[in-house]
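A.B. asks: Can you read through this structure? Questions will come right after.
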Amino acid sequence: MERKRIDEKSKRRPSGAAVMRDEVTGSLLSAFLEEWAVHGYAALSLERVAARAGAGKAAIYRRWPSKVAIAGEAVQKFGMVLTDVADYGTLRDDLQAYLLMLRRALRHRLVRKILPDLYAEASRGSELLPLLKDLSVSRRRGGMSLIDRAIGRGELPVGIDRDLAMDMIPASLYWGMIVTRRRITRVQIQRQVDGLVAGLQAI
């Protein structure tokens, strides 16, 4: 009988602080992004993050070893990584889908505040620089498939400057939405696509 009670206890799941609940993790990530948007990364306080999430600071350190580790997961989880580079059949259609996806991301109220701060922090050589590089590599890797497909269809020259192409594709939309804070319509995106197709064919 005693052995049975011991075996039953050993099968019980841990409770309380030993369990890292998904809803708490999600609340902490959301709170982190909210605080980042309000205060900027440099002034971001993990105490305020925990308080906003209704958790203790210890809950943060049970999940992440540092502030930059939370930043990396939050950026991945909440849509700042652009991955939709599906084949829509033509360069024009691929570019339009890509820019519409980017517009959706840049419309998010947190993304609009956090991305400029992320770039500013990285430019000062902060601990966020590797995160920004990872985001850039991910975006460019996906975008390169768009370029390669267009080359395979004969829509772009084989010798195209791929790095310059990947600089050109998001530049106008990012500048319009984040820097000058303009509303970009579908018609304007179609005009950007027209310009990109002509420009990419010339480089």
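A.B. asks: Of everything in segment 13-43, what is in a loop (DSSP other than H, G, I, E, B) and at pLDDT below 50? Give them in sequence order.
C.D. replies: Those that are in a loop (DSSP other than H, G, I, E, B) and at pLDDT below 50: R13, P14, S15.
A.B. asks: Then there's this: Using the structure shown, decide if E155 is open to solvent by 40 Å² or more (accessible area, probe 1.4 Å), touching a residue at least 24 places away in the same chain (Cβ under 8 Å) and farther than 26 Å from L33 by Cβ.
C.D. replies: Answer is yes for this residue.
A.B. asks: Among the listed residues D134, D161, D117, D148, identify the single one that is open to solvent by 70 Å² or more (accessible area, probe 1.4 Å), touching a residue at least 60 places away in the same chain (Cβ under 8 Å) and of a type outside the set (A, V, I, L, M).
C.D. replies: Residue meeting the stated conditions: D134.
A.B. asks: So for segment 94-102 (the condition being under 17 Å from the mean Cα position of the chain (by Cα), at pLDDT 90 or above, more than 30 Å from Q190 (Cβ to Cβ) and part of a helix (DSSP H, G or I)), does at least one residue qualify?
C.D. replies: No, that holds for no residue.
A.B. asks: Taking segment 44-66, which residues are open to solvent by less than 40 Å² (accessible area, probe 1.4 Å) and in a helix (DSSP H, G or I)?
C.D. replies: The answer is L46, V49, A50, A53, A59, I60.
A.B. asks: Quick one: count up the residues across segment 149-185 that are within 16 Å of G199 (Cα to Cα) and not hydroxyl-bearing (S, T, Y).
C.D. replies: 21
A.B. asks: Being open to solvent by 80 Å² or more (accessible area, probe 1.4 Å) and either within 21 Å of V111 (Cα to Cα) or at pLDDT below 95 (or both) is the filter here, so list the residues in segment 168-203 that pass it.
C.D. replies: W175, R181, R182, R183, R186, Q201, A202
A.B. asks: Looking at (1) open to solvent by 40 Å² or more (accessible area, probe 1.4 Å); (2) without any contact (Cβ under 8 Å) to a residue 12 or more places away in the chain, which is the only condition A122 fails?
C.D. replies: Here A122 clears every test but (1).
A.B. asks: Let me ask another. Any idea how many residues of segment 83-105 are open to solvent by less than 30 Å² (accessible area, probe 1.4 Å), out of contact with any Leu (no Cβ under 7 Å at 6 or more places or on another chain) and in contact (Cβ under 8 Å) with a residue 60 or more places away in the chain?
C.D. replies: Result for segment 83-105: 1.
The values are calculated or read from the model by the stated rules, or taken from the named source; none is laboratory data. As the structure is a prediction and not an experimental result, all values here were calculated from the model. Using ideal geometry, Cβ is built from the backbone for each residue, glycine included, and neighbour counts are taken over all protein chains shown. The area values use the complete protein model at the heavy-atom level, side chains included, leaving out ligands, DNA and RNA. Shrake-Rupley method; radii C 1.70, N 1.55, O 1.52, S 1.80 Å.
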